[in-house]
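Have a look at the structure below, then the notes.
The values are calculated or read from the model by the stated rules, or taken from the named source; none is laboratory data. The shown structure was predicted, so the numbers you read here are calculated from the model rather than taken from an experiment. Reconstructed Cβ throughout: ideal geometry from the backbone, glycine too, with neighbour counts over all protein chains shown. To get the accessible areas, we keep the full protein, side chains included, count just its heavy atoms, and leave off ligands, DNA and RNA. Shrake-Rupley method; radii C 1.70, N 1.55, O 1.52, S 1.80 Å.
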Amino acid sequence: MGKDAVQYTLPKDNAYRIIIENTMQGPLCFKSFEAVLGDYKIGRTYNIYTLPDTAYSMDKEIQFTIKIPSDIYKKDREYKMICVTKDGQPIVYNDLDTNPETITVKTNKFYAYALIYR
C-alpha cells in the first residue's frame, strides 16, 4: 500500500464519478489476486468506488487512468490491474494506453484492485 496520493484522471464523458484510494486489502483479496498473478508482482492495492454510492458493479463502463507510482515505475515494465468482484472472482485488465508512466482501464466493476507489474 502506498502512502502517496493516488494521481488519476477521468474522462469528462464517463457515465458517473469514481474515487480511487490507496488501501491495504485483506487476505481473501490477496488470495484472489495471487490466483491470476502469474509472473507479475503486486505494486499497489486500491479501493475504487463509484460516487455517491459504493456499488460493486454498474450497468455502464467507465474509464480511468492512474499514474504509475514513482517507486514502482521502470521504463520497460508491463503493468496490468486486477479487480476482485463482490463474489471473489479476479478480473485482469490490460493497459489501454501507450504511455509507459500510466495505466488506463475501462470497467464496470468496483472495489478491490491491485496494480501489478513485471
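Only protein heavy atoms count here; on that basis, with a 1.4 Å probe, Lys31 has an accessible area of about 140 Å².
Label zone of Lys31 (point 7 Å out along Cα→Cβ, amide N under 17 Å): in the range 83-97 this covers 84-91.
Distance between the C-alpha centres of the range 44-79 and the range 85-114: 6 Å, rounded to the whole angstrom. In this structure, Gln63 and Asp4 have a Cβ-Cβ separation that, at R0 = 30 Å, corresponds to a calculated FRET efficiency of about 0.85. When the solvent-accessible area of the chain is split by element, carbon and sulfur atoms take up 49 percent of it, the probe being 1.4 Å.
Trypsin sites (Lys or Arg not before Pro), restricted to the range 43-96: which are DSSP loop and have at most 15 other Cβ atoms within 10 Å? Here the trypsin sites (Lys or Arg not before Pro) that fit, given the DSSP loop and packing criteria, are Lys74, Lys75, Arg77, Lys86.
Here is the P(r) of the range 46-112: all C-alpha pair distances, binned every 10 Å from 0, give 19, 51, 26, 5 in whole percents.
Rounded to the nearest 20 debye, the dipole magnitude of the range 64-118 is 80 debye, with +1 charges on Lys and Arg beta carbons, -1 on Asp and Glu beta carbons, and the Cα centre as origin. Relative contact order, whole percent, for the chain stands at 34, derived from Cα pairs under 8 Å and 6 or more residues apart.
The residues of the chain expose on average 59 square angstrom of accessible surface per residue, using a 1.4 Å probe on protein heavy atoms. Across the chain, where is the longest run that never hits GluC sites (Glu not before Pro) in a DSSP loop with at most 15 other C-beta atoms within 10 Å? The reported range is 1-77. Computed from phi, the 3J(HN,Hα) profile of the range 3-17 under the Karplus parametrisation 6.51, -1.76, 1.60 (θ = phi - 60°) reads 9, 6, 5, 6, 9, 9, 10, 10, x, 5, 8, 4, 5, 7, 8 Hz, with x in place of Gly and Pro.
Shape analysis of the chain based on the Cα gyration tensor places the equivalent ellipsoid semi-axes at 20, 18, 13 Å, largest first.
With the whole protein complex present, Thr85 retains an accessible surface near 30 Å², based on a 1.4 Å probe.
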